[in-house]
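Notes to accompany the following structure.
The values are calculated or read from the model by the stated rules, or taken from the named source; none is laboratory data. Keep in mind the model is a prediction, meaning the values are calculated, not measured. Please note: Cβ atoms are built from the backbone with ideal geometry, for glycine as well, and neighbour counts cover all protein chains shown.
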């Protein structure tokens, strides 16, 4: 199914007219634009393929195989002739579809650091959207809840231009409400159904709860580059000694009393949190996703810059950037 200029395909939401950079949301979007582009100024200059390499559409030159190269690109003719494994690079397509898949479960509304997890998640989505649109790429998005009383997630078609990118971010701006469970797996599936062009998918979530996102994410990796952004709050990995506290699950409303004064409680909490994060990291790696962790108590832009720099250096050293 092709995305036609005459309108969005079936199941894809048009951006509301009130979202086109004329709403009050214009202020945080413009502030984010200044923050991201100023802090990242020069980072990707002259190296467009560093962040958005794509799978490419044109065959490039052959070169010796480097551990980590995609075996699908092995040049068997050259390998047989030289008796040494070679791969053929693909020239990157500089007009890619970049899909932002934002989890809007209630757990994203939590935050004890500089911001809530949703604010960090939205800012990260904005950073990818702004960099993608400035490079001439098309930006589409999905939100794991629709906010219109319908069960399926919100899906916005991929289009080019900074105005469209701003509209996408406005549509994703609203913070999650209590009781929103958010079907992240379904949101990933919906993007996979309409994203026919090879491109990049950025999944942003805290990845709490059941890993129902794993199967659709693995299926998406067969066609698209994947980046998984995990948003973490410090209180999800470490409990302070503040005595007896009442905690609530924002998705179910369940409450429980926890005595944080007990060393055993805090230690067991930290162990379980570490096991859960390690499990998430292993699952994302098995899906072929590059894993970026952002925390609400840290400078997310600094961590974003380090991730982009490291990813670019790794792809360039492996000779897969198409440059």
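Here the condition is being surrounded by 12 or more Cβ atoms within 10 Å (Cβ to Cβ), at pLDDT 85 or above and in the same structural domain as residue 207 (by TED's automatic domain parsing); of 228, 261, it holds for 228 alone. Cβ-Cβ distances below 6 Å connect the following pairs, each with a first residue in the range 303-319 that is more than 16 Å from residue 128 (Cβ to Cβ), a second residue that is modelled with pLDDT of 80 or more and outside any helix (DSSP H, G or I), and a separation of six or more residues or different chains: 318/66; 319/63.
A quick yes/no check of all residues on (1) in contact with a strand residue (DSSP E or B) (Cβ under 8 Å, 6 or more places away or on another chain); (2) at pLDDT below 90:
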{"site": "87", "(1), (2)": "yes, yes"}
{"site": "91", "(1), (2)": "yes, yes"}
{"site": "96", "(1), (2)": "yes, yes"}
{"site": "100", "(1), (2)": "yes, no"}
{"site": "108", "(1), (2)": "yes, no"}
{"site": "112", "(1), (2)": "no, yes"}
{"site": "120", "(1), (2)": "yes, no"}
{"site": "125", "(1), (2)": "yes, no"}
{"site": "132", "(1), (2)": "yes, yes"}
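Residues in the range 213-223 that are surrounded by 14 or more Cβ atoms within 10 Å (Cβ to Cβ) and not in a helix (DSSP H, G or I): 213, 221, 223. Only one entry in 226, 239 is touching a helix residue (DSSP H, G or I) at 6+ places or on another chain (Cβ under 7 Å) and assigned to a loop (DSSP other than H, G, I, E, B), namely 239. Tell me whether the range 184-198 contains one or more residues that are without any contact (Cβ under 8 Å) to a residue 24 or more places away in the chain, surrounded by fewer than 20 Cβ atoms within 10 Å (Cβ to Cβ) and in a loop (DSSP other than H, G, I, E, B). No - not one qualifying residue is present in the range 184-198. When residue 234 is tested against (1) within 20 Å of residue 202 (Cα to Cα); (2) modelled with pLDDT of 90 or more; (3) in contact with a strand residue (DSSP E or B) (Cβ under 9 Å, 6 or more places away or on another chain), just one condition goes unmet, and that condition is (1).
With the condition kept exactly as written, say whether any residue in the range 264-287 is part of a helix (DSSP H, G or I), touching a helix residue (DSSP H, G or I) at 6+ places or on another chain (Cβ under 9 Å) and more than 26 Å from residue 220 (Cβ to Cβ). There is at least one residue in the range 264-287 that is part of a helix (DSSP H, G or I), touching a helix residue (DSSP H, G or I) at 6+ places or on another chain (Cβ under 9 Å) and more than 26 Å from residue 220 (Cβ to Cβ).
All conditions but one from (1) at pLDDT below 90; (2) assigned by TED's automatic domain parsing to the domain that holds residue 179; (3) in a loop (DSSP other than H, G, I, E, B) apply to residue 297; the one that does not is (1). I'd like to check something: does the range 154-173 contain any residue that is assigned to a loop (DSSP other than H, G, I, E, B), out of contact with any strand residue (DSSP E or B) (no Cβ under 7 Å at 6 or more places or on another chain) and at pLDDT below 85? For the range 154-173, residues assigned to a loop (DSSP other than H, G, I, E, B), out of contact with any strand residue (DSSP E or B) (no Cβ under 7 Å at 6 or more places or on another chain) and at pLDDT below 85: absent. When we screen 202, 247 for residues that are in contact with a strand residue (DSSP E or B) (Cβ under 7 Å, 6 or more places away or on another chain), more than 25 Å from residue 132 (Cα to Cα) and part of a strand (DSSP E or B), the only hit is 247.
On the given criteria, is residue 189 modelled with pLDDT of 90 or more and touching a strand residue (DSSP E or B) at 6+ places or on another chain (Cβ under 8 Å)? Against the criterion (modelled with pLDDT of 90 or more and touching a strand residue (DSSP E or B) at 6+ places or on another chain (Cβ under 8 Å)), residue 189 does not qualify.
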